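Reading through the structure tokens given below for one structure.
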Amino acid sequence: MSQLTPTAIAVDWSKRMRPQESMRAKIWRRFRKHRLAFTSLYVIIAIIALCTIVPWAANYDAGKTNLDLIREPPSLEHIFGTDELGRDLFVRLWDGGRISILIGVATMMIAISIGTLIGSVAGFYGGRVDNVLMRFTDYMLSIPQLFLLLIFAQLLRSTNNPTLSGGPAPIIVIIGVLVWPPIARLVRGQFLSLKAKEFVEAARMSGVKNWRIIFRHILPNAASPIIVAATLRVGAAIITESTLSFLGFGVQPPTATWGNMLKNAQAQMTYAPWTAIFPGLAILITVLALNYIGDGLRDALDPYHIE
């Protein structure tokens, strides 16, 4: 058997004497070690701060037109230039960012809620309940999401209600109720592996009701992949909203989003490229940062992560 050197003994002793690190502290330490994810967190905080502060503090109204300043290039007065109606793009970009991020977060909450509920019930009860719910999930997965999104968006556009035909609320609901199936499958897989654990059997033997076992015992232990999926879902929802708005089926002007700003810019990209560059960069940076945060959370929440 190999002999330990005095240095190795000292290191081992220092590890044993070190106070136990809490789970939250350990997750945070792991996340900070992921440099891209940690940097991306500050990027997202900065974007949210800009979306909150700029429209409120700016000298220009996001929707105010000025026909004397049509398609002005970026300058000290208008940092990102102006659009085809003379509106300040810097203010309009961050004002539209509020709607785009709101759609992403609200859509994620709806999708996570539906997917978690269906996946947890299917995974916990199994049998016929699992078969019915998963066949319905497979049916939803088999239909192209963009096809359904366009159909429902067009149906809402055909109504005479301006709130339903052009506001962000119906887009949030449409996207949210159509993108939950992958989350349901993820949660079901977690429940199938966790419901056979000793702590679940102990809860059953103690007479704990099924709903309490689901939401108080199993679901908290399945939270890690759900949190990662939620982070990635926000970025995917921003992309989906931008796609719908670019095709003319999303949030309608004068309400600004990054998607409909790109749509308005497509006819003038050759002589006013800044009208497309800045909204495109905003989408790129935001989605990329959210994906890096998801990667960092995946590593930080992994119980088998090797440090």
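Give the span of region 160-263's Cα atoms along each principal axis, as three whole-Å numbers ordered largest to smallest.
59, 26, 16
What residue among 231, 82, 39 has the largest mean-square fluctuation in a Gaussian network model of the chain, using Cα springs under 10 Å?
Comparing 231, 82, 39 in the GNM, the peak value goes to 39.
Could you tell me the extents of the chain's C-alpha atoms along the three principal axes, largest first, rounded to whole Å?
82, 59, 30
Which stretch or stretches of region 83-115 have amide N atoms under 13 Å from the point lying 7 Å from residue 71's Cα along the Cα→Cβ direction?
Backbone N within reach: 83-86.
Taking the Cα centre of region 221-307 as origin and charging only Cβ (+1 Lys, Arg; -1 Asp, Glu), how large is the dipole, in debye to the nearest 20?
So the magnitude is around 380 debye.
Post the alpha-carbon centroid distance, region 180-242 to region 56-86, in whole angstrom.
Region 180-242 and region 56-86 have Cα centres spaced 47 Å from each other.
Using 7 Å Cα-to-Cβ label points, what is the residue 39/residue 26 separation (nm, one decimal)?
A separation of 2.9 nm, rounded to one decimal place.
So between residue 46 and residue 109, what do we pick up on full extension, going 0.36 nm a residue minus the alpha carbon distance?
Values: separation 63, 0.36 × 63 = 22.68 nm, distance 2.20 nm.
Net length gain for the segment: 20.5 nm.
For residue 268 paired with residue 281, estimate the spin-label separation in nm (one decimal), with each label point 7 Å from Cα along the Cα-to-Cβ line.
Spacing of the two 7 Å Cα→Cβ label points: 1.8 nm.
Within the set of other residues whose C-beta is less than 14 Å from the C-beta of residue 149, count the net charge using Lys and Arg as +1 and Asp and Glu as -1.
Working: positive: 157; negative: 241.
Once positives and negatives cancel, what remains is 0.
Among 28, 258, 274, 211, rank each residue by its count of other Cβ atoms within 10 Å, from fewest to most, as a rough exposure measure.
Working: 28 14, 258 27, 274 20, 211 11.
Listing 28, 258, 274, 211 from fewest to most nearby Cβ atoms yields 211, 28, 274, 258.
Which whole-Hz ³J(HN,Hα) couplings does region 186-193 yield from phi under the Karplus relation 6.51 cos²θ - 1.76 cosθ + 1.60, θ = phi - 60°, glycine and proline marked x?
Here the 3J(HN,Hα) series is 4, 5, 4, x, 5, 5, 4, 7 Hz.
Where a number appears in this text, it was derived from the coordinates with a stated rule and is not lab data. In this text, all values refer to a predicted model and were calculated from it rather than measured experimentally. Cβ: placed from backbone, ideal geometry, glycine included. Neighbour counts: every protein chain shown.
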